[in-house]
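Only the coordinates and a few stated rules stand behind these numbers; no lab work does. Bear in mind that the values here come from a model prediction, so they are computed numbers and not experimental data. Virtual Cβ from ideal backbone geometry, glycine too; neighbours counted across all protein chains shown.
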Amino acid sequence: SSIVFGASSSLGTSGGSGSGAVSFAVTSGAAACSVAGNSLSAIGVGNCAVTASKAAEFTSDKNKKEGSRVYSTLSQWYLGQGEFEKATEYANKATAIDKDSPALKQLTAVLYYFANNYEAAEKEFTSMHQESPQDFFAANYLALTLIEAKGADGKPDPIKQAKAVQVAELSARLNPKSPVALATLAWCYFNTGKLGEAAQIFAAFEQQQNME
């Protein structure tokens with residue numbers, strides 16, 4: 001079809017199957033036209049060709065698992081970049097495909113934690129900890145979540161903070177050589193006013209590092 005110079009026209013497709021997103025791109029004659037979304041604009045004189053592409057769909061069980069893995073990887077990458085909204089977006093996409101994945105449950109809970117949604121994070125990490133009390137990941141994040149818990153008055157919740165200390169102490173006993181476990185315990189001690197205990201942990205850790 002023809003478009004007058006300077007004018008635009010909407011692009012569309014027909015036929016085919018599936019519900020994947022359709023995108024358009026100029027494949028020849030870029031000096032004559034340009035595409036933005038589904039709008040084709042005449043920016044010069046001449047002919048151009050536009051190709052429509054449909055995004056792949058994760059339909060088979062194998063493809064669904066691969067799609068979930070891809071979305072999960074993207075979520076973790078964005079989390080590492082501090083882009084929590086994007087990380088959550090892709091985590092939700094992954095979970096929609098594989099809602100029973102333990103790894104995705106962990107990722108979702110971590111995203112709750114970094115979004116300061118401690119109530120939701122506590123629920124997820126508590127469930128994980130109850131299912132596997134010796135799971136270091138669940139115990140460590142549960143302690144970190146509980147120590148940040150606030151009451152209705154916006155002040156630290158002493159009951160949950162006490163539980164955080166208990167969880168962190170048990171985790172440190174089960175993982176005595178883990179610097180992460182010791183750092184979490186020291187943080188819990190610090191936030192509950194046990195400054196002496198926190199200082200002892202840091203001193204012991206520093207001594208251990210010097211010996212190594």
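Among 94-106, 35-47, sorting by the average number of other beta carbon atoms lying within 10 angstrom of each residue, highest first, gives 94-106, 35-47.
Which of the three applies to the range 117-200, rounded, prolate or oblate, going by the alpha-carbon gyration tensor with a ≥ b ≥ c and a/c under 1.5 meaning rounded? Verdict is oblate for the range 117-200. Pop the C-beta distance of Ser23 and Phe84 into the FRET formula with R0 = 25 Å and round what comes out to the nearest 0.05. Efficiency, from the Cβ-Cβ distance: 0.40.
Taking a threshold of 31 Å on the Cα-Cα distance, which of the pairs Lys105/Lys163; Lys99/Lys194; Lys65/Lys160; Lys65/Lys177; Lys65/Lys86; Lys65/Lys123 fall above it? Correct reply: Lys99/Lys194; Lys65/Lys160; Lys65/Lys177.
Per the Debye formula on identical point scatterers at the alpha carbon atoms of the chain, with no solvent, log10 I(q)/I(0) at q = 0.16, 0.18 Å⁻¹ is -1.09, -1.23. Each residue, Glu197 and Ala36, gets one label point 7 Å from its Cα in the Cβ direction; the gap between the two is 6.1 nm. Helix content alone sets the calculated 222 nm mean residue ellipticity of the chain: runs of n ≥ 4 DSSP H residues at -39500 (n - 2.57) each, divided across all residues, give -18500 deg cm²/dmol. For the pair Lys155 and Ser178, the difference between a 0.36 nm per residue extended length and the Cα-Cα distance amounts to 5.2 nm.
Distance between the modelled labels on Asn47 and Val70, one decimal in nanometres: 3.4 nm (7 Å Cα→Cβ projection). The Cys residues in the chain with no partner Cys Cβ within less than 4.7 Å of their Cβ are Cys188.
Comparing Lys86, Lys160, Lys177 in a Gaussian network model of the chain where C-alpha atoms under 10 Å apart are linked, the largest mean-square fluctuation is found at Lys177. From most to least packed by mean Cβ count within 10 Å, the peptides 148-154, 129-135 give 129-135, 148-154.
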